[in-house]
1. Can you tell me how much longer the chain between K432 and N413 gets when fully stretched, taken as 0.36 nm per residue apart minus their C-alpha distance, in nm with one decimal?
2. Using every Cα-Cα pair within the chain, state what percent have a distance larger than 33 Å.
3. What spacing in nm lies between the two simple spin-label points modelled at D338 and N366, each 7 Å away from Cα in the Cβ direction?
4. What cysteines in the chain have no other cysteine with a beta carbon less than 4.7 Å from their beta carbon?
5. Could you sort out which of K138/K277; K91/K144; K396/K451; K188/K432 sit more than 27 Å apart by Cα distance in this structure?
6. Taking a quarter of the surface of the Cα convex hull of region 332-389, what do you get in nm²?
7. List the relative contact order of region 391-459 as a percent without decimals, with contacts defined as Cα pairs under 8 Å and 6+ residues apart.
8. Where Rh denotes the Kirkwood radius from the mean inverse Cα pair distance, what is Rg over Rh for region 178-301?
Amino acid sequence: MVRAVIFIWFFVFPLLLIGQSYIKIEPVSFNTPDYSDIAPAYYYKGGVFYTSNVKTTAIESKKTTENEYFYNVYYYSTDKSQKILIDSMLKKINTTFHDGPMVAYGDTFIVSQNFYIKGGKKHKAPVGIFFYDFSSNKETPVYKPFPYNNTSYRVGHPCISSDGKYLFFSSNIPGGYGGFDIYVSEKKDTTWDVPKNLGSKINSSADEITPFVISNRLYFASNRDSAKKFDIFFSENEQNQWLPAQALPEPFSSPSNDFGFICDASYEQGFFVSDRKKTDDIYRFYSTLPTFEQCDTMVEKVLCFHFIDETSQYIDTLPVIYEWDFGDSVKVQAWEADHCYNDYGTYFVRLVMIDTIADEIHEVANYTLDVERVVQPYITISDTIRVNQPVIFDSKDSYFPNGTIEQFVWIFNDGYKHVGNTCERVFKKPGKYWVRLGYVARDETKNTIKKCSILEFDVY
């Protein structure tokens, strides 16, 4: 029970966040009709690299043996001067054969490409990763192949960690778990270490492709579950161990092929690729949830108080009785007392001293106590939360006077989000968690008001 201490000096003080319905998707404006657009990758102030087999010109465009046009890397940006610069750099990378997917680390572009074979021909399977360093010269990059490229297997779909130390990629290196697996190579000084398979928590007997790493989370695509169709999966790394991968729900997953997922640090805005409209297209996704710029620590209910008179000294040898009148029809005979009010409100509190010999009553002190309800989202949960047991988070005691609360949004530190008055969770791991509860309200003048509270809790 939360309790406060009342001193006669008028001091009062207390004792002391899976559905994805809020995610919207839409095809990007730079998709090309009837061609394949894949492999989105962030670069420079909102710009996006992508790979496409769009026909360029009738003279220059070439086809594969399957009668499809070769892929090249392209750049989309609303910054025209930046696009002109990047397009000129891509001319140093794109060849007349397959180029892409590509990612960037600073001014170093890391791209999947066919090997060059003497005589101008291409081996049927030689795909590797190559580095183009433009940091010293935007016209003439320093070119380096990844040291573990091999004509006997394919190495592609590169992804670089934010610190540039880890290169993730997909490969059918012999000895893996299935067709294509996800591998990682660590950069030590200026060289790349021997690639390591990410293991059975990530890889399967099918194919794993298009890795993307952000923070401790790995996204990738796999066709392990859906009759050779790719779905998007993710895993988290805890204490240098990858947790079992889980598939993303709708709208990311569909009966079609879904792959090439990337996102920003919020995990709620990014891109992915799908052929749900027959051709491979890039889709933008974003959250429709309201944002809360500030979240304050939730103020617990304070209806219980400890009352004590510090203006006088209690002497039990005197023939007097102290009596508290709490202003709600409850009286207690004591020099100090605990009392809980049933509701918020304003109460007139008196402390009297009763002389038992003279049968006289003397007022010691009186004052007005405002037991105020805090205007805030209020989170109600069980006192004890245990793993693998359902727990209900309730917003019923949230308060917004002189208006209407229109929406509640739950945001948990493990990435789970929910919209509704209540939220049911089952936690799989013990530990410390926090939840943010935000509400969107409208006051009497129809102004929109947003408030957010945060509460920490333990799971045992």
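No value in this document is a laboratory result; all are computed from the given coordinates. Owing to the predicted nature of the structure, the values given are computational and were not obtained by experimental measurement. Glycine also receives a Cβ, built like all others from the backbone with ideal geometry; neighbour counts cover every protein chain displayed.
1. Values: separation 19, 0.36 × 19 = 6.84 nm, distance 0.97 nm.
Length difference between fully extended and current span is 5.9 nm.
2. Working: 56493 of 105570 pairs.
That fraction is 54 percent.
3. 2.9
4. C159, C263, C423
5. Working: K138/K277 38 Å; K91/K144 17 Å; K396/K451 15 Å; K188/K432 35 Å.
Beyond 27 Å between Cα atoms: K138/K277; K188/K432.
6. Numbers: hull surface 28.4 nm².
Taking a quarter of the hull surface, the average projection is 7.1 nm².
7. Values: 124 pairs, mean separation 23.3, N = 69.
Averaging sequence separation for qualifying contacts and normalising by length gives 34 percent for region 391-459.
8. Details: Rg = 17.2 Å, Rh = 16.3 Å.
Using only Cα positions, Rg/Rh for region 178-301 is 1.06.
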